[in-house]
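Colleague: One structure coming up, written as structure tokens, with questions to follow.
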Amino acid sequence: MSNNPYRQLPSVSMLLDHPRLQTLRSTTPHDLFVEAIRLELDTHRQAISETGIYAETQLIDALDNRIRTMATPRCRTVINATGIVLHTNLGRSPLAECAARAAYDAARRYTSLELDLSTGERSSRLNSIRDGLCRITGGESATAVNNCAAATVIALRSIAAGKDVVVSRGQLVEIGGNFRIPEILTASGARLREVGTTNITRLSDYESAIGPNTAALLRVHCSNFRIRGFTETVSIEELAALGRKHNVPVIDDAGSGSAIDLTSLGFHDEPTIREGLAAGADLVLFSGDKLLGGPQSGIIAGKKKWIDAIDRDPLMRALRLDKMSLAALAATLELHRAEPVRFIPILQMIATPLEELRLRSMSLAAKINLMNGLDAEVSDGESYVGGGSLADQVMPTIVIAIERRGMSDYELAKLLRTSATPVLSRVQNGRVLLDLRTVFPDQEEELVAAIRHIECP
Ligand SMILES: *Cc1c(COP(=O)(O)O)cnc(C)c1O
């Protein structure tokens with residue numbers, strides 16, 4: 001054998017047939033396997049040029065690692081142990097079983113998406129959801145687009161492009177990740193007419209702003225913050241009455257949109273999606289994947305005249321829902337007709353009794369305490385609804401604080417996050433917390449396995 005380390009590097013075909021890689025090879029697409037080999041050989045050639053040394057075990061280890069990483073999908077199922085129910089980075093609302101199955105069925109077969117089976121004629125893809133949306137909102141008609149941002153854009157565009165929309169300065173909010181009301185308004189082609197001040201806006205402020213160019217009054221639900229102290233806002237009833245008096249439509253961006261009254265679950269100040277229209281607003285807008293517990297979508301409900309205008313807007317084609325989301329939304333709406341808190345995961349989580357969380361947490365902590373170098377302690381804590389909803393209100397919960405010998409909180413959180421089944425925890429005051437409120441009971445075994453994986457050797 002030559003002493004030239006480059007010459008010792010195995011060929012692609014030798015690596016393809018390397019005994020240590022055969023199990024992996026049988027489960028990995030061939031192209032990906034070959035690409036990983038080429039990339040790893042490049043890296044090793046580079047390393048040889050720097051160190052002059054070649055080691056076969058290192059190459060095989062690195063290759064094994066690279067193939068596994070490349071074969072792992074970027075978007076994976078994770079265990080959400082943060083206690084944040086609507087976690088935007090984790091896909092917000094997990095679907096109810098039947099809603100997920102409806103999306104699955106729609107995905108893998110042809111569906112009657114735009115066909116009326118009784119007449120054989122073409123029909124609207126919105127037929128499957130319109131009645132359900134009217135039922136939960138009390139609207140005359142309803143439609144849906146990709147998300148609430150899209151709902152706001154298309155509603156404002158259809159009603160107010162080139163004209164003025166009156167909004168309180170106290171409601172010019174940023175919802176998170178580039179959703180700012182002034183910018184959304186501009187994107188819709190409407191002109192923003194700000195009234196009032198940050199803390200005080202009166203009905204007279206709106207009234208004096210109304211003129212021949214006014215196309216709508218917009219109320220934005222400030223879901224993710226509160227202003228305390230000396231404040232005054234105009235209720236949706238008053239705004240609706242003002243709109244009627246001047247014949248100007250009133251749009252209510254309800255944001256989180258709870259279909260059920262959350263006071264029974266301990267929350268206050270979160271209006272239901274029925275309230276806006278019942279109070280006289282012309283349109284209500286909200287997200288389908290926040291408190292409704294459905295797929296990502298933006299719902300628009302209210303006066304038929306405006307819904308028809310929105311459905312006719314050419315932009316609708318660009319913002320419309322796909323067949324899988326439509327199927328999931330239709331199924332979610334059916335659950336709202338029956339027993340939403342029993343069947344919709346996010347409502348189930350919000351409603352989980354503290355005692356149940358305590359029992360589950362004690363049992364998990366006991367298992368962790370048997371593991372080498374790990375320590376778990378159960379205590380009281382707080383869970384959040386998240387997704388910009390009910391920002392200043394928390395749910396009492398039970399948390400498990402875990403520690404690993406000789407490891408910092410951030411290192412431990414990272415280890416959990418990067419395990420085979422990623423586990424998302426909350427790092428708070430130097431402690432790694434697991435909140436089982438957002439962990440599905442059928443994920444607990446996987447959670448135990450992930451934690452067992454990180455015990456000390
Ligand atoms: C969350 C939210 C939105 C944005 O909804 P997406 O569905 O994420 O586009 C808009 N308005 C309010 C008031 C919200 O809370």
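Colleague: Over the stretch 191-279, what percent of the accessible surface lies on carbon and sulfur atoms, probe 1.4 Å?
Modeller: Answer for the stretch 191-279: carbon and sulfur cover 48 percent of the accessible area.
Colleague: I want to verify the translational diffusion coefficient of the stretch 148-276 in µm²/s; compute it with Stokes-Einstein, Rh as the Kirkwood radius over Cα pairs, at 10 °C and 1.306 mPa s.
Modeller: Result for D is 105 µm²/s.
Colleague: Another question, if that's okay. Under a Cβ-only charge scheme (Lys and Arg +1, Asp and Glu -1), can you give me the dipole magnitude of the stretch 333-457 about the Cα centre, in debye to the nearest 20?
Modeller: Computed about the Cα centre, the dipole is about 200 debye.
Colleague: Where the accessible area of the stretch 90-189 is counted over protein heavy atoms with a 1.4 Å probe, how much of it, in %, is carbon and sulfur?
Modeller: Reported share for carbon and sulfur atoms: 47 percent.
Colleague: Using Stokes-Einstein with the Kirkwood hydrodynamic radius over Cα pairs, what translational diffusion coefficient do you get for the stretch 358-457 at 4 °C and a viscosity of 1.567 mPa s, in µm²/s rounded to a whole number?
Modeller: Estimated via Stokes-Einstein, D reaches 93 µm²/s.
Colleague: With N set to the residue count of the chain, report its C-alpha Rg divided by 2.2 N^0.38 Å to two decimal places.
Modeller: Relative to the 2.2 N^0.38 Å estimate, the chain comes out at 1.21.
Colleague: In addition: For the stretch 255-322 and the stretch 365-395, write down the distance between their C-alpha centroids in whole Å.
Modeller: Measuring centre to centre over Cα atoms gives 32 Å.
Colleague: Still on this structure: Once ligands and nucleic acids are excluded and a 1.4 Å probe is used, how much of His246 is accessible, expressed in Å² to the nearest 10?
Modeller: 70
Colleague: To the nearest 10 square angstrom, how much accessible area does Thr352 have with a 1.4 angstrom probe?
Modeller: We get 20 Å² for Thr352.
Colleague: Now a separate question. In nm, to one decimal, how far is the Thr23 label point from the Arg38 one, both placed 7 Å along Cα→Cβ?
Modeller: For the pair Thr23/Arg38, the computed spacing is 2.8 nm.
Colleague: Largest first, how would Arg226, Arg202, Arg342 line up by accessible area (1.4 Å probe)?
Modeller: Arg342, Arg202, Arg226
Colleague: Let me know the Rg and Dmax you get for the stretch 316-362 when you use only its Cα atoms, in Å.
Modeller: Final numbers for Rg and Dmax: 16.0, 52 Å.
Colleague: With θ set to phi - 60°, apply the Karplus curve 6.51 cos²θ - 1.76 cosθ + 1.60 along the stretch 323-338 and write out the HN-Hα couplings as whole Hz, x wherever there is a Gly or Pro.
Modeller: Calculated HN-Hα couplings, in order: 5, 6, 5, 4, 5, 5, 5, 4, 5, 5, 5, 4, 5, 5, 6, 8 Hz.
Colleague: How large is the convex hull of the Cα atoms of the stretch 295-396 per residue, expressed in Å³ as a whole number?
Modeller: About 185 Å³ per residue, rounded to a whole number.
Colleague: Right, another one. What number does the stretch 1-155 give for Rg over Rh if you use C-alpha atoms and the Kirkwood radius?
Modeller: Ratio value, two decimals: 1.24.
Colleague: Over the Cα atoms of the stretch 341-395, what radius of gyration and what Dmax do you get, in Å?
Modeller: 14.3, 40
Colleague: Based on the Kirkwood radius over alpha-carbon pairs, what is the Stokes-Einstein translational diffusion coefficient of the stretch 85-217 at 4 °C with 1.567 mPa s viscosity, in µm²/s?
Modeller: Estimated via Stokes-Einstein, D reaches 71 µm²/s.
Colleague: Still on this structure, please answer the following. Probe 1.4 Å, all protein chains in place: accessible area of Ser264 in Å², nearest 10?
Modeller: Ignoring ligands and nucleic acids, Ser264 comes out at about 100 Å².
Colleague: While we're on this one: How large, in percent, is the carbon and sulfur part of the accessible surface of the stretch 342-457 at a probe radius of 1.4 Å?
Modeller: Using a 1.4 Å probe with all protein chains present, the stretch 342-457 comes out at 52 percent carbon and sulfur.
Colleague: Can I ask one more? For the charge dipole of the chain, defined by +1 on Lys and Arg C-beta atoms and -1 on Asp and Glu C-beta atoms about the Cα centroid, which residue among Val423, Thr23, Asn146 has the Cα displaced farthest towards the positive pole?
Modeller: Value computed over the given set: Asn146.
Colleague: Among 290-299, 119-128, what's the highest-first ranking by average C-beta atoms within 10 angstrom per residue?
Modeller: Put in order of decreasing packing, that is 290-299, 119-128.
Colleague: Whole number in Å², please: accessible area per residue of the chain, 1.4 Å probe, ligands, DNA and RNA not counted.
Modeller: Heavy-atom SASA per residue in the chain reads 50 Å².
Colleague: Antiparallel DSSP bridges in the chain: what percent, to the nearest 5?
Modeller: If we restrict to bridges inside the chain, about 60 percent are antiparallel.
Colleague: Also, quick follow-up: When only the heavy atoms of the protein chains count and the probe is 1.4 Å, how do Phe33, Phe230 rank by accessible area, highest first?
Modeller: Result, largest first: Phe230, Phe33.
Colleague: Still on this structure: Could you please put Ser188, Ser158 in sequence from largest to smallest accessible area, using a 1.4 Å probe?
Modeller: Largest to smallest exposure gives the sequence Ser158, Ser188.
Colleague: Still on this structure: Excluding residues on the same chain fewer than 8 positions from Lys305, give the lysines whose Cα lies under 24 Å from its Cα.
Modeller: Lys163, Lys245
Colleague: How big is the dipole moment of the chain about its Cα centre under a simple scheme where the beta carbon of each Lys and Arg is +1, that of each Asp and Glu is -1, and everything else is neutral? Debye, nearest 20, please.
Modeller: My answer is approximately 860 debye.
Colleague: Let me ask something additional. Just tell me which lysines come within less than 28 Å, Cα to Cα, of Lys414; anything on the same chain fewer than 8 places away is out.
Modeller: Lys290, Lys367
The values are calculated or read from the model by the stated rules, or taken from the named source; none is laboratory data. Keep in mind that what you see is a predicted model, and the values were worked out from it rather than measured. When we count neighbours, we look across all protein chains shown, and the Cβ atoms used for this are built from the backbone with ideal geometry, even at glycine. The protein model used for the area step is the full one, side chains on, heavy atoms only, and it has no ligands, DNA or RNA in it. Shrake-Rupley method; radii C 1.70, N 1.55, O 1.52, S 1.80 Å.
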